[in-house]
Amino acid sequence: MSKVKVGIIGGSGFDDPNLFKQVGIRKVTTPFGDPSDVLTEGFVGDVACVVLPRHGKGHLILPSEVNYRANIWALKELGCTHILATNACGSLQEDKKPGDFVVLNQFYDNTRGREQTFYGSRPGSLDGVLHMPMGDPFCEETRQILIEAAKNLSMTVCDKTCSANTTCSHPCVHSEGSGITINGPRFSTRFESLLFKSWGLDVINMTLVPEVSLAREAGLSYASLAIVTDYDCWKTDQKHVSDLC
């Protein structure tokens, strides 16, 4: 049996525990409070997995109110070595089309007021100071596993920026990309969206940070699969998630 144990953090629309063979339900309490929900343990093939719905069952927790520290700590406590996270995103670039996937390799943090570390002098934090290197914030080995899995499923993998007029089949899996995390729960203004686009960022979401940096602090190999739901509001000739809510 593999020693790898994968924590699966599901975002919007990705909290179905029937995706794998269940073994049991675990309720975990951490030094940082309770995680978003109970954790479901099971297997995909012979790989042990733990599923945690980021927003809780029924999507009841706002992105800015998720207890990211408790979520990561709970997965670590249950023996997870890796985390595969999904993040519903809006696209900031023409070539990242609705229905595409992006295996993120960089991020920009535009959040405010979120607990970014397990350490410090604030009540409930661990004693001490930790300055964590984040030049390459995602586990490259885990990213490559996601990319190879896409190829094995005969999905189109784009190694570089696709042309806006590409005829590649969809969904397309982009092997790299940068995501910006905003605080939410509101979506961006058009000015903000155009600004983020001009910076060269690829997708926009509300949940990647501080999850990714906390995973690094906890010693967990973290990779994110961004799921493009729509173009962000910089693009005015299509419906947006915000229009459909």
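Laboratory data are not the source of any read-out in this text; all were calculated from the coordinates shown. Given the structure is predicted, the values throughout are model-derived calculations rather than measurements. Ideal geometry is used to build each Cβ from the backbone, glycine not excepted, and the neighbour counts take in all protein chains shown.
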Let me know the longest stretch in the chain that avoids all trypsin sites (Lys or Arg not before Pro) found in a DSSP loop with at most 13 other C-beta atoms within 10 Å.
-> 58-111
Run the quick spin-label model on His131 and Arg112: label points 7 Å from Cα toward the beta carbon, then report their separation in nm to one decimal.
-> 2.7
Step through the table entries Lys57/Lys151; Lys21/Lys97; Lys96/Lys235; Lys96/Lys151, compare each Cα-Cα distance with 24 Å, and write down the pairs that go over it.
-> Lys57/Lys151; Lys21/Lys97
Given a Förster distance of 45 Å, the FRET efficiency implied by the Cβ-Cβ spacing of Val23 and Gln238, rounded to the nearest 0.05, works out to 0.60
DSSP-defined antiparallel bridges as percent of all bridges, the stretch 5-244, nearest 5 = 30
Hz values of 3J(HN,Hα) by residue in the stretch 50-63 - Karplus curve (6.51, -1.76, 1.60), Gly and Pro given as x = 9, 9, 10, x, 4, 9, x, 5, x, 6, 9, 10, 5, x
Let me know the charge dipole size of the stretch 5-244 about its Cα centre in debye, to the nearest 20, where only the beta-carbon of Lys, Arg (+1) and Asp, Glu (-1) is charged.
-> 320
With the dipole of the chain worked out from charges on the C-beta (+1 for Lys and Arg, -1 for Asp and Glu) around the Cα centre, which of Ala88, Met134, Ser121 lies farthest toward the positive end?
-> Ser121
